[in-house]
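Okay, so here's the structure we're looking at.
The values are calculated or read from the model by the stated rules, or taken from the named source; none is laboratory data. What you see is a predicted model, and the numbers here were worked out from it, not measured in a lab. Glycine also receives a Cβ, built like all others from the backbone with ideal geometry; neighbour counts cover every protein chain displayed.
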């Protein structure tokens, strides 16, 4: 069943009309810049509100060298962390030192023992370590109070570091144990 409508004024299209569709209006020039300007303005307002909120919520926000509000940090502020005391290397001839050779090179324990004895250390034992694959030379100490002495002994052994360890406590009466590793510079002629 077909429905018919009565003709009205919209059924007649004038012949001089150049456009199609009455709802489309030609764009005005510069209309795109207006949208861009509104977007830029909205962005600036949002950034300004965000920065203002940061100043209100966080009074420690520092912009530049002066800090927030142009103030400098006060002298009465407590320090965040105290400086660790610096341990100075010492030589204590009363401490017993054991020297172990952890390399396949023969005679290193005796040579390093002689060097330590010449520096003032009481070298009681010079021997080979249980393994010959030690890489880094290390002075081991078991008591934190002996850190300065370990640093002093390490200063006499080129390239040696120090380590707090209980591994060598059972070796006898030695307070310090020097283990020579493969990075130890072997003197020429040996």
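Quick one: would you say residue 113 is out of contact with any helix residue (DSSP H, G or I) (no Cβ under 9 Å at 6 or more places or on another chain) and buried (at least 16 other Cβ atoms within 10 Å of the Cβ)? When the stated conditions are applied, residue 113 passes them.
Remark: residue 18 falls outside the filter, which requires a residue to be assigned to a loop (DSSP other than H, G, I, E, B), modelled with pLDDT under 85 and under 41 Å from the mean Cα position of the chain (by Cα). State whether one or more residues within region 115-126 are assigned by TED's automatic domain parsing to the domain that holds residue 174, touching a strand residue (DSSP E or B) at 6+ places or on another chain (Cβ under 6 Å) and within 20 Å of residue 164 (Cβ to Cβ). Yes, some residue in region 115-126 is assigned by TED's automatic domain parsing to the domain that holds residue 174, touching a strand residue (DSSP E or B) at 6+ places or on another chain (Cβ under 6 Å) and within 20 Å of residue 164 (Cβ to Cβ). When we screen 75, 37 for residues that are at pLDDT 85 or above, farther than 30 Å from residue 146 by Cα and not assigned by TED's automatic domain parsing to the domain that holds residue 135, the only hit is 37.
If you go through region 137-157 one residue at a time, how many are closer than 14 Å to residue 99 by Cα and either assigned to a loop (DSSP other than H, G, I, E, B) or outside the structural domain of residue 105 (by TED's automatic domain parsing) (or both)?
Pass one, region 137-157, residues closer than 14 Å to residue 99 by Cα: 137-141, 150, 153-154, 156-157.
Right, trim to either assigned to a loop (DSSP other than H, G, I, E, B) or outside the structural domain of residue 105 (by TED's automatic domain parsing) (or both) and you get 137, 157.
Total meeting the criteria: 2.
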